[in-house]
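K.L.:
One structure coming up, written as structure tokens, with questions to follow.
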Amino acid sequence: EMTQVKLTALKAQMNPHFLFNTLNTGMQLAIVEEADRTGEYMEYLALLFRHNIRNKDIIVPLRHEIEGLKYYFYILKVRFPKNLDLTLDCAEELLDACRVPVSILQPLVENCVVHAFRDREGQGAIVVRAEMQRADLVLTVSDNGRGMDEQTIKKLLHPLPIDESSSRVMGLENVIQRLYFFYPDDPEVIRIRSEVGQGTTIVIRIDTEKEPCTAF
């Protein structure tokens, strides 16, 4: 019997090609019309899109995550040219030395854009940083947005079991659930520091000497 999950997966496989070709058509149109910035924007959109669907690996070099984030930052800078500051700070030597679960940074940045700056005036800022602290790779995503209270943080960090929560667990919750899955012995793998009105910092701490648990 065809489960809902399989159906969703099949749909997701069909759509990328359609979307990708549509983006390419947009790029060609922009070139013909000599709309260079639009062409470049479409190109980065296609790069980000291809980057996000191409990789079938669950654990990837940090380089893969940072590369995707660079494409995403470009798109955000075009969308919010005046009121969003983006900073990416990651030493070159970490890119191939460290491996991380796929797609853990972009959803966190997306979460800042969608939630942190909602109903907020003034200049928004997001800083993404990767650094080594002894054997730990520490990834931080900070924003100066609206922040959240203790209760919200608790709820996020103690998610319902996957089968009880809605099947569309997106963004931050999805990253939290996957990190707990890959590092079950390490409750400190993700932490959230925040206060209402004071912005939010999300800290992911990965012990590089431990292999992530990938037994399904």
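Read-outs: derived from the displayed coordinates by stated rules, not from any lab. Treat the numbers as computed from the prediction; the structure is a model and nothing was measured. Cβ: placed from backbone, ideal geometry, glycine included. Neighbour counts: every protein chain shown.
K.L.:
Could you tell me the number of lysine pairs in the chain with C-alpha atoms less than 30 Å from each other, where the two lysines are 8 or more residues apart or belong to different chains?
P.N.:
11
K.L.:
Give, as a single signed number, the net charge of other residues whose beta carbon lies under 13 Å from the beta carbon of I31, with Lys and Arg counted +1 and Asp and Glu -1.
P.N.:
After counting each charged neighbour, the total is -4.
K.L.:
Please compute the Kirkwood hydrodynamic radius of the chain from all pairs of different C-alpha atoms, in Å with one decimal.
P.N.:
After inverting the pairwise mean of 1/r, the radius is 18.9 Å.
K.L.:
Based solely on its DSSP helices, what 222 nm [θ] is calculated for the chain when runs of n ≥ 4 H residues each add -39,500 (n - 2.57) and the sum is averaged over all residues, nearest 500 deg cm²/dmol?
P.N.:
The per-residue figure over the chain is -14000 deg cm²/dmol.
K.L.:
In whole percent, what relative contact order does the chain give with Cα contacts below 8 Å and a gap of six or more residues?
P.N.:
16
K.L.:
Also: What does the net charge come to around I66 if you take all other residues with beta carbon closer than 12 Å to its beta carbon, with K and R at +1 and D and E at -1?
P.N.:
Around I66, the charge tally is -2.
K.L.:
Grab the Cα-Cα distance for H115 and D149, subtract it from 0.36 nm times how many residues apart they are, and report the gain in nm with one decimal.
P.N.:
10.9 nm
K.L.:
With springs connecting C-alpha atoms under 10 Å apart, model the chain as a Gaussian network and identify which of E173, E150, E67 has the largest mean-square fluctuation.
P.N.:
E150
K.L.:
Next up: With label points built 7 Å along Cα→Cβ from the Cα atoms of D85 and Q198, find their separation and express it in nm.
P.N.:
Computed distance between label sites D85 and Q198 equals 2.0 nm.
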